Structure formats: C-alpha cells, structure tokens
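One structure is given below, encoded as structure tokens.
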Amino acid sequence: MLAIAGGHGVTRVGRTGPDGRPTMTVTDHTDADAVADPATALAALLADAAGADVVLGLPASAGREEEDRLRDAVEDAGLHVRAILPAPIAVALHYGAIDEGVNRTLLVVDQAAATVELTVLDVAPDLTAGIVTTRTEPVGDGALAATARELAASSPDAVLLSGELYTAPARRAEIEELPEARGLTVRCVDPELAVVRGLLLREDFGLLRVINGPAPARSRFPRPPADPDPQPWQPLPQDPDPRGEPDGKDPWGTGSAASGTPGERDEPARADRTVPDAHDEPGPASASARAPERAPTEVPEPDLGAEPDLGPEPDLDPGPEPGPAEPPSSGLASAPALRAVPVTQLQYLRRDDHLLVLWAWPDTALTARVRWRREDATATGDGPREGDISCRRRTYEHDGGLDLALGRGAITLTVEALVADPAVDTEGAASLRIPAEPPVVEYEPALRRRLTGARVATVTLTARTGCDLPALRIVHGLGRYRPTSTADGTVVHEIPAQRLPAGTPLTVEFPFPGAKGPSWLVCFPAGGPDTDHDRDIDLRPTALHRLRVT
C-alpha cells in the first residue's frame with residue numbers, strides 16, 4: 001500500500017518501511033516539465049511500485065480538476081487507486097482524532113512547500129467528518145495571523161499540526177503562545193509524516209464518510225445530555241439528506257456507511273424514496289406526494305330560487321371577558337441551573353514546563369472550571385499571572401487529563417465541576433497548591449587542543465530563566481562509570497556562586513589533566529549532600545553521552 005499526497009507544488013509519497021514505520025519522499029513539481037507532464041514525473045518516482053494499491057491525498061481546497069489530474073497521473077504510472085482522501089482528514093487519522101463515539105471540532109494546520117492550509121473539521125460520533133471551512137495562506141506571519149483568526153472564529157477542541165515546518169519547536173511554540181490557543185491542546189507528533197501516515201491508516205476506517213460542511217448532529221449511538229458549557233457556538237443545521245451528503249454524492253470517494261467499500265461512489269437515492277424523513281417539513285409538494293389519491297365526487301347544482309340558509313341566529317350575550325391568552329408551549333423543558341461542586345482526587349504531574357492536572361469527575365458533570373494563579377511571576381517568564389478556562393469532559397478523557405503550560409514557578413490551582421443535580425447541596429472548588437520547581441541549568445563539557453599541544457577543557461552553562469547559580473565543582477572521573485558525586489573523581493575546577501541571566505551562556509576554561517581510557521567531566525554543587533544547594537537549581541547535562549570526553 002502506498003500513500004501519495006499531491007498539491008501546492010509538491011508530491012509526498014509514503015510507504016511502510018521494514019521496521020513498520022512510514023517513510024516519506026518529498027518531490028518538488030514546480031518546474032515546467034513536471035507541471036506539463038505529471039504522469040512522467042510520477043512514473044520516474046514510482047518506478048519500483050508498479051501495480052501497487054494507492055490511497056491519494058489532496059488539499060481540501062482542491063477541485064475536481066486537480067483530483068482527476070492526480071488520479072490519471074497515478075493510473076498512468078501503473079498503480080491502482082483504492083481511495084481518495086482530503087489531506088486534513090488524513091492528518092486527523094494520524095493523530096487518532098476520528099473515532100466512533102466522539103464529537104469534536106478540529107483545526108488542521110497543514111504546511112506543504114511555501115503554503116499553509118487551514119481547515120476546520122467537524123467530527124461526528126458515527127465516523128462522519130465534515131470539512132467546514134478551508135483557506136490557504138503563504139508561510140510566514142500572515143499564516144500565523146490567519147491561524148489566530150480561525151481559532152477565534154471556530155473555537156476548536158484541538159489544533160493538529162502537519163508539515164516539516166512544525167518539526168522545529170519554535171514553530172510549534174508560536175501557535176501555542178497565541179492568545180486564542182490558551183487552554184487548547186496542540187498536537188505535534190511526527191508532523192512531517194502526518195499526511196502520509198493518515199493515508200496509510202485509511203483502510204482501517206471502512207465506514208469513514210467525508211462530507212462538505214458541518215457533520216450532521218445525529219448518531220447511531222445514544223445522544224449524550226446537553227453540554228452546559230456556555231461556549232459561543234450555534235447549533236448545526238439539520239441535513240435534509242439522511243446519509244449526511246448534501247447532494248447524494250460522495251465527493252472524496254470514501255465509500256458509503258452501508259457498504260464500507262473504499263473508493264466507491266454512491267449515486268443519489270432520494271428520487272425514489274417512499275418513506276418521508278422525520279424532519280421533512282410538510283409543504284404543498286410533499287403533501288401532494290404523500291396524500292392518497294381520491295376519487296372525484298359529484299357536486300349538486302345549486303337551486304337559484306331557494307332562500308339561502310343562514311344557520312341559527314347568533315347569541316348576542318358576550319358572556320365573561322376572556323383573560324390573557326397563554327403563550328403556546330414550545331414542548332422544551334428549560335435548562336436546569338448548574339451548580340459548581342468540588343472535584344475529588346485532584347492531583348498533578350509535572351512535565352518540565354507543563355502540568356498534567358488529573359481529577360475524578362462527578363457522574364453528571366460535562367464541564368469543569370479550572371482557575372490558576374502564578375505565585376512567583378519572576379520564575380515563570382512571560383505570560384499572564386492568572387487564568388480561568390473551561391475544560392470539557394470529552395476533551396479531558398481523550399487527552400488523559402488537562403495539560404497546562406504554566407512554567408516551573410509556584411501555582412495555586414482550583415477545579416470545580418458544573419452539575420445540574422438539584423439534590424447537590426455542596427458548592428465550592430477543590431484547591432491545590434503546587435510548589436515551585438528549581439530553575440533548570442544545563443551544562444556541556446568539551447575538549448580542544450591548543451597550538452602548543454596542551455589540552456584545554458571548557459564547560460558551558462546556560463539557564464532557561466534567570467537564577468542565582470550556587471558554587472559548583474567540576475569533577476574529572478576515570479573508568480567506565482560516570483561519577484555520581486565529588487568523591488568519585490578529582491575536582492579539577494571550581495565555579496564561584498554568581499547570578500546567571502536567562503539565555504546567557506557562562507563558559508569556564510581550565511587545563512585538562514592527561515588520562516588514558518574512558519574519562520568524564522561532571523558538575524556537582526560545592527556544598528555537598530549535607531546542604532540544600534543541590535535543590536537550588538536543577539543541574540542537567542545537555543546529553544549524558546557528552547559527559548564522556550575521551
């Protein structure tokens with residue numbers, strides 16, 4: 001099975017390697033020869049894959065002409081097209097965001113060549129994925145601003161990143177630091193392989209349906225109770241087609257829910273439907289189509305000489321005056337009032353600059369309110385001092401907790417669940433005080449030889465945030481095992497206590513003693529195990545193997 005994603009001037013070809021992981025080849029087709037003859041360019045790229053089955057991927061903004069051109073080029077190269085899938089849907093499959101029983105809104109940010117495609121997806125519990133909107137922006141600040149606008153307009157549950165651009169941590173951080181992305185989960189795992197890996201996973205989703213527009217709000221699963229989270233969203237319009245396809249066709253060739261056959265295009269079946277849908281509104285046309293035919297009846301001719309029958313005389317007594325008319329009942333019960341109750345088993349896991357917050361949900365709660373306040377702004381860097389967000393239960397269960405990027409400073413956290421049970425008489429929030437973590441200081445030793453032949457060692461220390469660096473000792477150890485304390489080697493240099501600004505490296509240099517065999521350079525606090533200096537900072541090597549200098 002091959003995965004071929006085309007569009008925006010590049011072609012990405014993915015296949016499963018010997019180790020079971022997908023591998024990808026990216027080819028630029030912006031030159032004139034490839035544009036004029038895409039079949040020849042693909043044939044040269046896939047010379048060793050003749051006769052293989054292929055799942056094609058196209059940008060969500062691609063039209064029928066681009067789809068036919070890519071399909072013809074692949075078939076002319078001797079390959080068999082199994083299915084065609086939009087690239088944003090493939091990205092959602094890569095991240096596991098499409099599954100039975102889930103109902104979520106996603107923003108897919110897919111970079112290819114010099115463009116970024118922003119697509120809003122609506123995923124329904126019956127494996128129906130709707131492409132709500134899509135737009136293409138050039139790579140740069142304009143794409144970042146467009147991402148912020150899409151986040152504000154669509155209010156997604158998560159952001160999915162795709163493309164080699166987002167393998168750089170700085171590019172992912174640009175999106176995570178957007179004010180509109182606060183409280184959202186940003187997925188960025190193997191973004192360069194997201195499209196081709198999602199295409200390779202297509203055969204595992206035989207019932208997957210892709211439509212244009214929001215996914216219909218229906219499912220063969222029991223509908224959950226109404227979400228009390230007061231988010232600024234509008235209910236989706238009901239789709240008049242019971243299959244969720246506005247024109248009765250499957251534009252992406254993903255098959256029907258009944259057959260589950262990928263690549264099969266279904267024909268419209270509404271013309272000969274005899275049973276009306278429950279949500280069809282009666283009108284003149286529909287009423288005449290459903291009403292049984294009646295035999296014509298004879299109407300007697302009127303007698304022009306007879307007096308007209310005016311019926312009984314009216315009663316002139318008006319009777320009691322009528323009261324105010326009662327408003328018609330809508331048949332819908334008013335929404336119950338929500339109460340804030342404290343959650344139980346509130347705990348956290350610290351992952352460097354992130355907090356994974358965990359708690360036990362009350363049975364009837366669908367939303368929780370999470371508030372936090374940073375107690376030490378100087379140790380946490382940039383960002384707001386406090387925050388107030390809503391966490392939806394389905395997002396919490398999908399992600400395995402609530403992930404917050406709040407730095408390493410001290411934090412006060414409160415969590416309260418919103419329930420509609422009138423019998424609940426306890427209100428409030430569960431509170432948790434999270435102590436500050438020591439600042440991270442990374443160091444890296446290195447060796448170099450001067451022109452005189454003498455060997456010189458250097459150790460470079462860098463702090464992520466400004467901190468007071470305690471006195472340190474650099475220990476030189478011999479043997480196969482890395483020193484774990486100052487007693488496991490010889491102290492070759494001491495670094496006095498000083499202020500270490502954030503991001504400013506501190507480099508010390510000293511003569512390196514001659515040694516044969518394995519040799520190590522390791523930093524330790526000068527105070528020893530009987531003091532608290534080892535807890536003032538989190539002293540880390542950039543990599544353990546770099547401590548072995550010979």
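The values are calculated or read from the model by the stated rules, or taken from the named source; none is laboratory data. Owing to the predicted nature of the structure, the values given are computational and were not obtained by experimental measurement. Ideal geometry is used to build each Cβ from the backbone, glycine not excepted, and the neighbour counts take in all protein chains shown. Heads up: the accessible areas ignore ligands, DNA and RNA and are worked out on the full protein's heavy atoms, side chains in. Shrake-Rupley method; radii C 1.70, N 1.55, O 1.52, S 1.80 Å.
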I'm checking my understanding of the structure. Among residues of region 374-392 that are assigned to a strand (DSSP E or B) and hydrophobic (A, V, I, L, M, F, W, C), which one is modelled with the lowest pLDDT?
389
Does residue 492 satisfy being within 12 Å of residue 442 (Cα to Cα) and at pLDDT 90 or above?
no
Every residue in region 505-524 that is in contact (Cβ under 8 Å) with a residue 40 or more places away in the chain, surrounded by fewer than 18 Cβ atoms within 10 Å (Cβ to Cβ), in a loop (DSSP other than H, G, I, E, B) and more than 45 Å from the chain's Cα centre (by Cα), please.
514, 518
If you take the residues in region 347-367 that are assigned to a loop (DSSP other than H, G, I, E, B) and closer than 28 Å to residue 421 by Cβ, which one is least open to solvent (accessible area, probe 1.4 Å)?
365
In region 162-184, is there at least one residue being open to solvent by 70 Å² or more (accessible area, probe 1.4 Å) and in a loop (DSSP other than H, G, I, E, B)?
yes
Unmet requirement for residue 371, which otherwise passes all of (1) in a strand (DSSP E or B); (2) open to solvent by 70 Å² or more (accessible area, probe 1.4 Å); (3) modelled with pLDDT under 90
(3)
Residue within region 422-442 that is at pLDDT 90 or above and more than 30 Å from residue 388 (Cα to Cα) present:
yes
Tally of residues being among the β-branched types (Val, Ile, Thr) and part of a helix (DSSP H, G or I) across region 47-87
1
Pairs under 7 Å by beta carbon, first residue farther than 11 Å from residue 396 by Cβ and among the aromatic types (Phe, Trp, Tyr) in region 348-364, partner in a strand (DSSP E or B) and open to solvent by less than 30 Å² (accessible area, probe 1.4 Å), six or more apart or different chains?
348/355; 348/356; 348/357; 348/434
Could you grab me the full set of residues in region 472-484 that are closer than 19 Å to residue 506 by Cβ and open to solvent by 40 Å² or more (accessible area, probe 1.4 Å)?
473
Identify, please: which residue in region 485-502 is within 21 Å of residue 544 (Cα to Cα) and among the small types (Gly, Ala, Ser) and is, among those, surrounded by the fewest Cβ atoms within 10 Å (Cβ to Cβ)?
487
Residue tally, condition within 40 Å of the chain's Cα centre (by Cα) and either modelled with pLDDT under 90 or open to solvent by 30 Å² or more (accessible area, probe 1.4 Å) (or both), over region 443-462:
3
Please work out which one of (1) at pLDDT 90 or above; (2) under 21 Å from residue 130 (Cα atoms) is the condition residue 184 fails and give its number.
(1)
Checking the structure you have, find out if any residue of region 127-135 is touching a Leu at 6+ places or on another chain (Cβ under 8 Å), part of a strand (DSSP E or B), buried (at least 23 other Cβ atoms within 10 Å of the Cβ) and of a type outside the set (S, T, N, Q).
yes
Selected residue [of a type outside the set (Gly, Ala, Ser) and at pLDDT below 85] from 532, 538:
532
Please count how many residues of region 69-116 are within 20 Å of residue 132 (Cβ to Cβ), in contact with a strand residue (DSSP E or B) (Cβ under 7 Å, 6 or more places away or on another chain) and open to solvent by 50 Å² or more (accessible area, probe 1.4 Å).
1
